[in-house]
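The values are calculated or read from the model by the stated rules, or taken from the named source; none is laboratory data. This is a predicted model, so every value here is computed, not measured. All Cβ positions, glycine included, derive from the backbone under ideal geometry; neighbour counts span all protein chains shown.
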Protein chains: 2
Amino acid sequence: MPIELTASQALGLWHGVSLDQVRHDDRDLTLRQMAILLHIYLVPPPHTVRGLATELDVTKPVITRALDTMGEMGLVDRVRDASDRRNVLIKRTVGGALYLEKLGDRVREQGRKL
Amino acid sequence: MPIELTASQALGLWHGVSLDQVRHDDRDLTLRQMAILLHIYLVPPPHTVRGLATELDVTKPVITRALDTMGEMGLVDRVRDASDRRNVLIKRTVGGALYLEKLGDRVREQGRKL
DNA sequence: TGCATTCGTTACGCCACCGTTCCATTTTCC
DNA sequence: GGAAAATGGAACGGTGGCGTAACGAATGCA
C-alpha cells in the first residue's frame with residue numbers, strides 16, 4: 001500500500017528524523033553502516049560478507065569493518081558457517097533489534113508530525 | 001496532515017532510501033552534515049554558525065568544518081553579515097537545492113513502493 | 001594429490017571528522 | 001577611549017573509515 005508524499009513532506013520527514021538522531025543518539029553510524037544494518041534486519045538471511053558487498057555495491061573490507069564496529073556496539077553478530085567454513089554468517093542481536101525499533105519509532109513520530 | 005506508518009513501513013522506507021543513497025551518490029555526507037544541510041534549507045533564515053550549533057546540540061567547529069566540506073561541494077555558501085561583521089550568514093545554493101531535490105525524490109519514490 | 005579459486009580478514013598509507021583549546025576580529029558597554 | 005564579551009575560525013592530537021593490495025584458511029577440481 002503506497003504512501004504518497006509531497007516533496008516538502010519527504011524532506012521534512014528526513015529532516016526531522018536526522019535531527020532527532022543527531023541530537024539524541026551518540027552511536028554515530030555512517031550512512032553505509034546504517035544501510036548494512038537495515039539490510040541485515042530487513043532482508044531474509046543468510047547474509048554473508050560478499051553478499052552484502054555486492055548488494056550494496058561496496059568493497060568487502062567496508063563490510064568487514066562495519067561488522068567490526070557494529071559488533072562492538074552489540075548491534076550485530078558473526079558466526080562461521082558450519083557447512084562452508086570460508087563463509088561468515090551475519091546474525092541479528094537483541095541490541096540491533098532494539099536500535100532499529102527506536103529508529104522506526106522516530107520515523108513514525110516524524111511522519112505523524114507532517 | 002499526518003502520515004501514519006507501520007513499524008515495518010517506517011524501517012522499509014529508511015532502508016530503501018539509505019540503500020539508494022549508498023549505491024548511487026558518491027558524495028558521502030555524514031548524518032550530521034545531512035542534518036545541517038536540511039536545517040539550512042528547511043528552516044527560515046538567517047542561519048549562523050553559533051545558531052546551528054545550539055540548534056543541533058553540536059560544537060561550533062563541527063559546523064565550521066561541515067560548512068567547509070559542503071561549501072567545496074557547492075551545497076552551501078558563506079557570507080559575512082554586513083550589519084554585524086562577526087557573524088557569518090549561511091546561504092543556500094543551486095547545487096544544494098538540486099541535491100535535496102534528488103533526496104526528496106528518493107524518499108517519495110521509496111514511499112510509493114511501500 | 002596438487003593447484004587454482006573463493007572467502008573473509010589484515011596491513012598500509014591516506015584523508016576526514018572529532019573535541020578541546022586558543023586566537024583575531026568585531027561589537028558592546030562603561 | 002578601554003575592558004569585556006561574542007563570534008567564527010585555526011591548531012592540535014586522536015580516532016576511525018577509506019581503497020588497494022596482500023594474506024591464510026577452506027574448498028573444488030583436474
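Summed over the range B:1-32, residues that are more than 7 Å from every other protein chain (Cβ to nearest Cβ), surrounded by 19 or more Cβ atoms within 10 Å (Cβ to Cβ) and within 14 Å of DNA strand D (Cβ to nearest atom) total 1.
Residue count for the range A:59-98 satisfying the condition of being touching a helix residue (DSSP H, G or I) at 6+ places or on another chain (Cβ under 8 Å) and farther than 19 Å from A:PRO45 by Cα: 4.
Residue check: is B:PRO45 in contact with a Leu (Cβ under 9 Å, 6 or more places away or on another chain) and over 28 Å from A:LEU103 (Cα atoms)?
Considered against the rule, which asks whether it is in contact with a Leu (Cβ under 9 Å, 6 or more places away or on another chain) and over 28 Å from A:LEU103 (Cα atoms), B:PRO45 comes out as yes.
Which members of the range B:22-46 meet the condition of being touching an Asp or Glu at 6+ places or on another chain (Cβ under 9 Å), under 19 Å from A:ASP20 (Cβ atoms) and not aliphatic (A, V, I, L, M)? Answer for the range B:22-46, where residues must be touching an Asp or Glu at 6+ places or on another chain (Cβ under 9 Å), under 19 Å from A:ASP20 (Cβ atoms) and not aliphatic (A, V, I, L, M): B:THR30, B:ARG32, B:HIS39. One residue alone among A:LEU103, A:LEU89 is within 16 Å of DNA strand D (Cβ to nearest atom) and at pLDDT 95 or above, and that residue is A:LEU89. A search for C-beta distances below 6 Å between a residue of the range A:41-65 that is within 12 Å of chain B (Cβ to nearest Cβ) and any residue that is more than 12 Å from DNA strand C (Cβ to nearest atom) and modelled with pLDDT under 95, counting only pairs 6+ apart in sequence or on different chains, returns A:LEU56/B:VAL22; A:ASP57/B:ARG23.
Beta carbons closer than 9 Å, at least 6 apart along the sequence or on distinct chains, pair a first residue in the range A:79-93 that is within 14 Å of chain B (Cβ to nearest Cβ) with a second that is more than 9 Å from DNA strand C (Cβ to nearest atom) for A:ARG92/A:ILE40; A:ARG92/A:TYR41; A:ARG92/A:PRO45; A:ARG92/A:LEU75; A:ARG92/A:VAL76; A:ARG92/A:ASP77. Among residues of the range A:33-50 being surrounded by 16 or more Cβ atoms within 10 Å (Cβ to Cβ) and more than 12 Å from the chain's Cα centre (by Cα), the one that is nearest to DNA strand D (Cβ to nearest atom) is A:VAL49.
Results for (1) over 22 Å from A:THR30 (Cβ atoms); (2) at pLDDT below 95; (3) not basic (Lys, Arg), shown as yes or no for each residue.
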| position | (1), (2), (3) |
| --- | --- |
| B:ASP25 | no, yes, yes |
| B:LEU29 | no, yes, yes |
| B:MET34 | no, no, yes |
| B:LEU42 | yes, no, yes |
